[in-house]
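S.K.: Provided herewith is a single structure, encoded as structure tokens, for subsequent inquiry.
The values are calculated or read from the model by the stated rules, or taken from the named source; none is laboratory data. Owing to the predicted nature of the structure, the values given are computational and were not obtained by experimental measurement. With ideal geometry, Cβ positions are generated from the backbone for all residues, glycine too; neighbour counts draw on all protein chains shown.
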């Protein structure tokens, strides 16, 4: 398991080097009075069950911080699930913006199409 932690640290260092800047570290977040709730590591390689289990095993040890280690397909599944869960809030906010201004750049026909699509999607649920 020590090897997994080293791999995660090495991945962070490589990402910082490739991106040309540092990530915000936990200490900086804590100084802002906030708490890290999730870490997500994404790789183009297959993720061994041992590595995935190691990330999950840290949940209790870290006081409820979720550590997800995902391959590309796992990443897509994770965010599609997240979007599905949050879609109503997103659509509510988008609808407010679209309908807010009667004379906005969004045409009346597009507003009506959006509302019809939303109504159809919600009736299908």
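S.K.: Let me spell it out: the conditions are (1) touching a strand residue (DSSP E or B) at 6+ places or on another chain (Cβ under 8 Å); (2) part of a helix (DSSP H, G or I), and residue 46 meets all of them except one. Which number is the exception?
M.R.: Result: residue 46 fails condition (2) only.
S.K.: Moving on to the next point. If the requirement is being within 17 Å of residue 38 (Cα to Cα) and free of Cβ contacts under 8 Å to residues at least 60 places away in the same chain, which of these qualifies: 114, 75? I'd like the intermediate steps shown before the answer.
M.R.: Numbers: 114 fails: within 17 Å of residue 38 (Cα to Cα).
On inspection, the qualifying residue turns out to be 75.
S.K.: Further question on the same structure: With the requirement that a residue be more than 17 Å from residue 9 (Cβ to Cβ) and part of a loop (DSSP other than H, G, I, E, B), what does region 32-43 give you?
M.R.: In the first step, residues of region 32-43 are kept if they are more than 17 Å from residue 9 (Cβ to Cβ); the result is 32-35, 37-38.
Selection gives 32, 33, 34, 35, 37.
Condition check ((1) within 17 Å of the chain's Cα centre (by Cα); (2) at pLDDT below 80) across all residues:
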site: 13; (1), (2): no, yes
site: 23; (1), (2): yes, yes
site: 35; (1), (2): yes, yes
site: 40; (1), (2): yes, no
site: 77; (1), (2): yes, no
site: 82; (1), (2): yes, yes
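S.K.: Here's something else I'd like to know. Any idea which of (1) free of Cβ contacts under 8 Å to residues at least 12 places away in the same chain; (2) not assigned by TED's automatic domain parsing to the domain that holds residue 9 is the one residue 61 doesn't satisfy?
M.R.: That leaves (2) as the condition not met.
S.K.: Sticking with this one: Against the condition assigned to a loop (DSSP other than H, G, I, E, B) and surrounded by 10 or more Cβ atoms within 10 Å (Cβ to Cβ), how does residue 98 come out, does it pass? Steps first, please.
M.R.: Details: assigned to a loop (DSSP other than H, G, I, E, B): no; surrounded by 10 or more Cβ atoms within 10 Å (Cβ to Cβ): yes.
Spelling it out, it is not the case that residue 98 is assigned to a loop (DSSP other than H, G, I, E, B) and surrounded by 10 or more Cβ atoms within 10 Å (Cβ to Cβ).
S.K.: When only residues in region 58-71 that are in a helix (DSSP H, G or I) and loosely packed, with under 13 Cβ neighbours inside 10 Å count, which is nearest to the chain's Cα centre (by Cα)?
M.R.: Let us first name the residues in region 58-71 that are in a helix (DSSP H, G or I), namely 58-61.
Then keep just the ones that are loosely packed, with under 13 Cβ neighbours inside 10 Å; that gives 59-61.
Numbers: 59: 18, 60: 21, 61: 22 Å.
Ranking the candidates gives 59 first.
S.K.: Collect the residues in region 30-54 that are without any contact (Cβ under 8 Å) to a residue 24 or more places away in the chain, closer than 25 Å to residue 76 by Cβ and surrounded by 10 or more Cβ atoms within 10 Å (Cβ to Cβ), keeping them in residue-number order.
M.R.: Residues satisfying the conditions are 48, 52, 53.
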